[in-house]
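The values are calculated or read from the model by the stated rules, or taken from the named source; none is laboratory data. Just so you know, these numbers come straight off a predicted model, no measurement behind them. Don't worry about glycine lacking a Cβ; one is built from the backbone with ideal geometry, like all the others, and counts go over all protein chains shown. Side chains are part of the model used for accessible areas, which takes the heavy atoms of the whole protein and leaves out ligands, DNA and RNA. Shrake-Rupley method; radii C 1.70, N 1.55, O 1.52, S 1.80 Å.
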Amino acid sequence: MRNSTVRAVNRLTTRWAAAAQAPAGNPGTVFTAAGLWPLLALLADGSDGPARAELAQALGIPAEGAGQAARDLVAALAGVRGLRTATGLWTDAGLPLEDDWSAKLPTGARGTLTGDPDADAKALDAWASDRTDGLIERMPAVLDESTLMVLVSALTLRLRWIQPFVDGEGEPHTGPWAGRPVRSLYRSTSLLDRVGVAHGPSGAVTLLEVVGAAGVDVHLVLGEPEAPVGDTLTTGIAAVTRARPATGASLLPDGRPGPGLAVRTVAAFSPRPRLDIETVAFEVRSEHDLLDHARLFGLETATDADHGHFPGISSQPLAITSARQSALARFDAAGFEAAAVSTFGAAAGCAAPARPRYRARRAEVCFDRPFGFLAVHRTSRLVLAAGWVTEPDAP
């Protein structure tokens, strides 16, 4: 996939992450700019006036060529093992579409809105469930009799760990999860640099790379206890996309160089280093109303129903009436799953010898309080999903 597009999508992910908050009364949040960006690009391609300028700014690329960039990105994502994407367009039977714009749509479902919101919702729900293997059962679209067009995308990621975790039960001793039984995951490796430390505006951030069996890895991100969620996530994104340096545990000093991380040199019976990992299983579901952050997504002007903003899509004046994303992320001993559906509606996520002979490096990392996660395509460094875990799974 094109480097310029990857950078543009990652910039949108970073801006979205910067606005992220720890959700009260919710296990966490998950979102995917990679699933949303192609829809914004298609809208930008068919827009004009101030709406076109705002969408281009949100995209990070010129509106000219944005439709083709969307098509190219969706095609490139289809080649990532374990990742499934789809794009769909439903329109009112009487809505004329511009041929040039329609030709840039990625291959996907095309349907007709009946004007019956209940019947149309059932058809869209079935599409969402089918395209996400049942992970997202309902389309987040807001439909009524005035809806003329629904543009949707679905992204589903399933991956297995190269080295599974051991599933167990733990009980944190400090922090917001103290005294509560949690579903703990344990693993050890000789690869110390699977964990590293980067520094951002709110201090040190510890990153753990959990390698998937295909071409996608998940990075767990732990900031300082009082650091804002947005600062921790954006520092993590900069580190995993190599825009900010991170130092692997093999080069870190003994002590506690990062949150949740301890490094030491010990007397050992083998010179082999060891990294001991403890984290938690989690499942996070989120519903995002993108119009709550209309400026972030370039949608302020596009929602003004007093004017049409998309002459490149249709000769009939159109304005955005809804923009939503439903997302899910699930992390356990065997692997990781994430899915998201994004929509835009338009109307008129042992035993040993007694005496050690060697000096060896040991590192221990523990994620026993709220932390972030990033699913990253290994080759391109495209961030496919991002989120924050507020509540772990119970045993």
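Odds and ends about this structure:
- Inter-label distance for ARG359 and TYR186, nm, one decimal - labels placed 7 Å from Cα along Cα-to-Cβ: 2.9
- Between HIS307 and ALA53, the distance separating the two model label sites (each 7 Å from Cα on the Cα→Cβ line) works out to 1.0 nm.
- Label point distance in nm, ASN26-GLU226, each placed 7 Å from Cα along Cα→Cβ: 2.6
- A 1.4 Å probe, protein heavy atoms only, puts the accessible area of PHE31 near 0 Å².
- MET1 - accessible surface, heavy atoms, 1.4 Å probe, Å² rounded to 10: 80
- Short to long, the 10 Å bins of the Cα pair-distance histogram for the range 48-149 hold 13, 34, 40, 13 percent of all pairs.
- FRET efficiency for the HIS293 to ARG138 pair, using the beta carbon distance and R₀ = 30 Å, is estimated at 0.85.
- Under 5 Å between amide hydrogens, built in the peptide plane, is the criterion, and for LEU148 it picks out ALA346, ALA347, ALA348 among residues at least 5 positions away or on other chains.
- If only the Cβ of Lys and Arg carry +1 and only the Cβ of Asp and Glu carry -1, the dipole of the range 242-392 around its Cα centre is close to 1520 debye.
- ³J(HN,Hα), Karplus 6.51/-1.76/1.60, whole Hz, each residue of the range 76-84, x for Gly, Pro: 5, 5, 5, x, 7, 4, x, 10, 10
- Size-normalised alpha-carbon gyration radius of the range 135-294, reference 2.2 N^0.38 Å: 1.30
- Rh (Kirkwood; distinct C-alpha pairs) - the range 251-383, Å: 20.1
- What the Cβ-Cβ distance of VAL266 and ALA126 gives, at R0 = 56 Å and to the nearest 0.05, is a FRET efficiency of 0.45.
- Whole-Hz Karplus values for the range 234-249 come out as 5, 5, x, 4, 4, 6, 6, 8, 6, 8, 9, x, 10, 9, x, 4 Hz, taken residue by residue from phi with 6.51 cos²θ - 1.76 cosθ + 1.60 and θ = phi - 60°; glycine and proline positions read x.
- Exposure ranking of ASP393, ASP120 by accessible area [1.4 Å probe, largest first]: ASP393, ASP120
- Spin-label proximity, ALA93 to the range 104-142 - amide N less than 13 Å from point 7 Å beyond Cα toward beta carbon: 112-116
- Surface listing: ARG264, ARG369, ARG242 arranged by accessible area from highest to lowest gives ARG242, ARG264, ARG369, probe 1.4 Å.
- Charge dipole of the chain about the Cα centre (unit charges at C-beta), most positive-ward option of ALA394, GLY35, THR247: THR247
- Taking a Cβ cut-off of under 12 Å around ALA319, the surrounding Lys, Arg, Asp and Glu residues balance to a net charge of -3, with basic ones at +1 and acidic ones at -1.
- Every helix of 4 or more DSSP H residues in the chain counts as -39500 (n - 2.57), and over all residues that averages to -6500 deg cm²/dmol at 222 nm.
- Using θ = phi - 60° and Karplus 6.51 cos²θ - 1.76 cosθ + 1.60, couplings along the range 216-224 (whole Hz; Gly, Pro as x): 10, 10, 10, 10, 8, 10, 10, x, 5
- Spatial separation of Cα centroids for the range 1-26 and the range 70-89, in angstrom: 18
- Available extension along the chain between ALA19 and HIS199 is 62.9 nm, counting 0.36 nm per residue and deducting the alpha carbon span.
- Student exercise, the chain dipole from Lys, Arg, Asp, Glu Cβ charges, in Debye to nearest 20: 2580
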